[in-house]
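Some notes on the structure that comes next.
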Amino acid sequence: MEDKISRWENPPSLPPTHYVDNRIFTDSEIFSEERDGIFAAIWKLVCHESELPQQGSYRALTVAGRPLIVVRGHDNEIRTFFNICPHRGAPLVRDERGTFGKRIQCFYHLWTYDLVGNCTGITRPVGYEPVGFAKEGIGLRPVRTEIIGGLVFVSIKNEVEPLEDFLGPMADHIRLHLPDDQPLEVFHYHRSEIRCNWKLWVDNNSEQYHEFLHVLNRKTGLAQPDYHERRWHLYPNSHNVIDQGAMNYGNVGLEERSEGLMPGMQPDALLVMLLFPDIMINVRATVMRIDTITPVAPDRTIVEWRGLGLKSDSEEQRDIRTRHHNQVWGPAGRNLPEDISAVEAQQISMSNGAFRYSIYAREEELRPHDDSNLRSFYQEWGRRVGRWPHNAGARRSDKTELGVVGIASE
């Protein structure tokens with residue numbers, strides 16, 4: 001009996017890359033380190049450019065606890081600023097989205113700024129003349145912003161490597177499926193706060209092994225004879241993509257998805273790619289879904305879901321894409337409620353201390369159910385946070401890598 005109990009308390013008999021210490025999903029100190037070492041330190045997807053449809057359009061959001069505004073200027077350039085008036089720190093906007101006129105005005109003392117971030121007006125400026133302070137000496141705090149394939153990325157850390165370098169070979173995959181000559185647009189948006197750690201949602205999005213959870217996936221994908229012939233492609237910074245695989249939608253009474261395909265897609269095919277740390281791009285032949293994450297607490301995560309179609313769609317084609325999107329995804333789609341139930345159930349076990357280690361040990365030569373992509377994610381997580389994922393209490397003193405058995409980078 002004692003051996004069986006200790007088996008649960010001690011690390012599994014596996015290489016240290018093949019399991020994680022579940023305290024990384026519950027510890028508040030680790031959560032703070034993640035926010036600073038990951039979300040405040042690298043590139044974060046904040047929206048698609050179609051969500052800023054006209055000059056003056058803006059979205060307000062939070063990245064790593066910092067309030068930001070993403071705005072399309074009168075020159076059509078998209079810029080990002082801290083949503084903070086540099087006078088006394090009041091928020092410049094309090095709505096989630098909207099459209100500016102010629103200026104941004106703080107509600108508190110009515111200071112104004114243009115859409116490039118310059119201060120254009122200080123209320124009663126005469127009072128600042130004795131100290132030589134003027135509007136030319138102040139402006140909105142900018143945030144580094146870059147765009148690829150219509151995806152708007154920001155980095156709070158100004159010294160971050162260029163977005164193209166951070167993405168590496170994944171940039172080519174993005175250009176294939178979000179090409180500049182076939183612009184996409186967001187036609188569906190919803191979000192929810194899920195009762196789980198953000199990494200559990202990333203796990204669920206990234207792995208293919210959990211397809212056994214979904215009746216739809218079991219009947220449309222897992223039943224295909226060539227399902228296991230696909231391979232994962234793993235890249236630096238723990239980005240990854242898996243080869244396309246055909247789904248048989250007729251097995252669940254749905255029509256084929258062979259016409260009106262999204263760029264770069266094959267008939268009826270499914271494609272999944274993950275951009276570290278949190279961006280999942282999921283394409284089902286005729287429609288694209290993009291997930292992004294805002295960690296709120298160790299056991300609370302806001303997930304945003306966007307459905308995208310071609311901007312050139314006819315009304316009829318858009319109706320088809322919307323139907324295909326909602327059959328699987330959307331707030332009432334077949335798969336999303338099942339995913340949420342699974343990760344929230346996991347969090348309960350992580351939080352009550354009864355379950356110390358999670359196992360990521362499948363090795364299938366980079367076939368769909370191989371855990372190599374997840375092992376890569378947790379090694380990259382540990383490198384950036386400064387802890388060993390298999391032993392959350394041990395800090396890393398250098399950038400030494402354990403190495404991940406089963407991983408092949410391209």
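Where a number appears in this text, it was derived from the coordinates with a stated rule and is not lab data. This structure is a prediction, so every number in the text was calculated from the model and none was measured. Quick reminder, even Gly has a Cβ in these numbers, built from the backbone with ideal geometry, and neighbours come from all protein chains shown.
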- Query: Which residue fluctuates the most in the chain, going by a Gaussian network model with Cα springs under 10 Å, if the choices are LEU374, LEU213, LEU167?
  - Reply: LEU213
- Most fluctuating residue of GLU380, GLU164, GLU207 in a GNM of the chain with Cα springs under 10 Å: which is it? GLU164
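Hey, what's the per residue convex hull volume over the C-alpha atoms of segment 3-92, in cubic angstrom? Mind showing how you got there, number by number?
Values: hull volume 13.8 nm³, N = 90.
Once divided by residue count, the hull of segment 3-92 is 153 Å³.
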- Once segment 119-258 is represented by equal point scatterers at the alpha-carbon sites, with solvent omitted, what log10 I(q)/I(0) does the Debye formula produce at q = 0.15, 0.16, 0.18 Å⁻¹? -1.09, -1.19, -1.35
- Treating only the Cβ atoms of Lys and Arg (+1) and Asp and Glu (-1) as charged, compute the dipole magnitude of the chain about its Cα centre; round to the nearest 20 debye. 1340
- Could you give the C-alpha radius of gyration of segment 178-395 expressed as a fraction of 2.2 N^0.38 Å, taking N as the number of residues it contains? 1.03
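So what's the back-of-envelope 222 nm ellipticity for the chain, counting only DSSP H runs of four-plus at -39500 (n - 2.57) apiece and dividing by all residues, rounded to 500? Don't jump to the answer; show the numbers that get you there.
Details: 8 runs with 81 residues, N = 410.
So the calculated ellipticity at 222 nm is -6000 deg cm²/dmol.
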- Output the Kirkwood hydrodynamic radius of segment 44-149, Cα pairs only, in Å rounded to one decimal. 14.3
- Message: On a full-extension model of 0.36 nm per residue, what is the gain between HIS109 and ILE147, subtracting their alpha-carbon distance, rounded to one decimal in nm?
- Response: 10.3 nm
- For the chain, modelled as a Gaussian network with Cα springs under 10 Å, which listed residue fluctuates most, TYR113, TYR128, TYR189? TYR128
- Task: Report the convex hull volume per residue for segment 302-405, counting only C-alpha atoms, in Å³.
- Result: 176
- Two pseudo-spin positions, 7 Å from Cα along C-beta at GLN54 and at ASN248, lie apart in nanometres by 5.0
- Please state the Cα pair-distance histogram of the chain with 20 angstrom bins from zero: what percent is in each bin? 25, 54, 19, 2, 0
- Query: Using a cut-off of 20 Å between alpha-carbon atoms, which aspartates and glutamates can reach LYS157, once sequence neighbours fewer than 8 places away in the same chain are excluded?
  - Reply: GLU33, GLU34, ASP36, GLU146, ASP165, ASP278, GLU380
- One finds, for GLU365 and LEU176 with R0 = 30 angstrom and r their Cβ-Cβ distance, a FRET efficiency to the nearest 0.05 of 0.75
- Inter-probe distance in nm under a simple model that places probes 7 Å from Cα toward Cβ, at ARG97 and GLU259: 3.1
- On a C-alpha basis, how far is the centre of segment 281-321 from the centre of segment 212-280 in Å? Whole number, if you could? 15
- Query: What is the spin-label model distance, in nm, from ARG300 to HIS190 if the labels are put 7 Å beyond Cα along the C-beta direction?
  - Reply: 2.1
- Query: Within segment 181-198, whose backbone N sits under 19 Å from a point 7 Å along Cα→Cβ of ASN352?
  - Reply: 195-197
- To the nearest Å, what is the center-to-center distance of segment 104-155 and segment 340-384, using C-alpha atoms only? 44
- Item | Helix axis angle, 372-385 relative to the chain longest principal axis, alpha carbon, degrees | 40
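Fully extended, how many nm does the chain gain between ASP319 and ARG395 (0.36 nm per residue separation, minus their Cα-Cα distance)? Each step should come with its number before you reach the end.
Working: separation 76, 0.36 × 76 = 27.36 nm, distance 5.19 nm.
This chain segment gains 22.2 nm when fully extended.
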